[in-house]
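The values are calculated or read from the model by the stated rules, or taken from the named source; none is laboratory data. Remember, predicted model here, so these are calculated numbers, not experimental data. Counting neighbours? That spans all protein chains shown, and the Cβs are built from the backbone with ideal geometry, glycine included.
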Amino acid sequence: MLQEFEIPLWEQGYRSLAGIDEVGRGCLFGDVVAAAVILPEGLVLDGINDSKKLSEKKREELYWQIVECAEAWAVSRVDAATVDEINIKQAARLAMKQAVEMLGMEPSYLLVDAEKVDIELPQLAIIKGDARSQSIAAASILAKVTRDRLCCDEWEKLYPAYGIAIHKGYATKLHREKLLEHGPSPMHRRSFLGKLFAEQQVLF
């Protein structure tokens, strides 16, 4: 049921709990994407879990269930250039903050996957929250499905040489090989590439 954090907060009078999570933190390519979602009090979504533990088909099914029943939801993106400028941790926090601000209503409490959001609202950072809180799991699904769609529908067409639709920007063997062959695209995170290819003596 994944409501061990939600139920006590509802009982304390917090009615609008926002789950917040991000995806793409470890990628070499593309935006970091964050989502915030407020589910109705007492709602139980069958089969919900950390997005990484679900099949693509199940994530898509749950995505539509979440957006249809959510009281509010939003997705935010922070691009690779900003990741390079302010570092990935700060970029992920920025995306989370933007997602909360885009909800259209103010949550009474934030449940965040292992992070702090720079907003003056009561909040709880939960380690492995996407596997322990339904609200955070819902946010992880929205963020993951959104980013995967960008990889397959948009970024793959912009940069077909890199296999983005296959590896989704992560540092797989295929991705590293394509980087060595073609060099980085404008959407690659330069701050991630130096360390990865130092042993190759490749200058980006």
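Summary table
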{"quantity": "Number of positions in segment 80-107 that are touching a Gly at 6+ places or on another chain (Cβ under 8 Å) and within 20 Å of Pro40 (Cβ to Cβ)", "calculated": "0"}
{"quantity": "Looking only at segment 71-84, and only at residues there that are part of a strand (DSSP E or B) and not aromatic (Phe, Trp, Tyr), the one that is nearest to Thr146 (Cα to Cα)", "calculated": "Val75"}
{"quantity": "From Ile20, Ile48, residue being in contact with a helix residue (DSSP H, G or I) (Cβ under 8 Å, 6 or more places away or on another chain) and part of a strand (DSSP E or B)", "calculated": "Ile20"}
{"quantity": "Qualifying positions in segment 85-128 - polar (S, T, N, Q), without any contact (Cβ under 8 Å) to a residue 60 or more places away in the chain and assigned to a helix (DSSP H, G or I)", "calculated": "Gln90"}
{"quantity": "In segment 51-85, residue surrounded by the fewest Cβ atoms within 10 Å (Cβ to Cβ) [restricted to those that are among the acidic types (Asp, Glu) and over 16 Å from the mean Cα position of the chain (by Cα)]", "calculated": "Glu68"}
{"quantity": "Selected residue (only one of Leu150, Leu124, Leu158, Leu179 is in contact with a His (Cβ under 8 Å, 6 or more places away or on another chain) and of a type outside the set (Phe, Trp, Tyr))", "calculated": "Leu179"}
{"quantity": "Sole residue being among the β-branched types (Val, Ile, Thr) and in contact with a Gly (Cβ under 8 Å, 6 or more places away or on another chain), chosen from Ile119, Ile136, Ile126, Ile66", "calculated": "Ile136"}
{"quantity": "Selected residue (criterion: nearest to Ala139 (Cα to Cα)) from residues of segment 27-42 that are in a loop (DSSP other than H, G, I, E, B) and at pLDDT 95 or above", "calculated": "Leu39"}
{"quantity": "Neighbours by Cβ (under 7 Å, 6+ apart or cross-chain): first from segment 163-179, farther than 19 Å from Thr146 by Cα; second part of a loop (DSSP other than H, G, I, E, B)", "calculated": "Ala171/Leu28; Leu174/Gly163; His175/Leu28; His175/Gly163; Lys178/Gly163"}
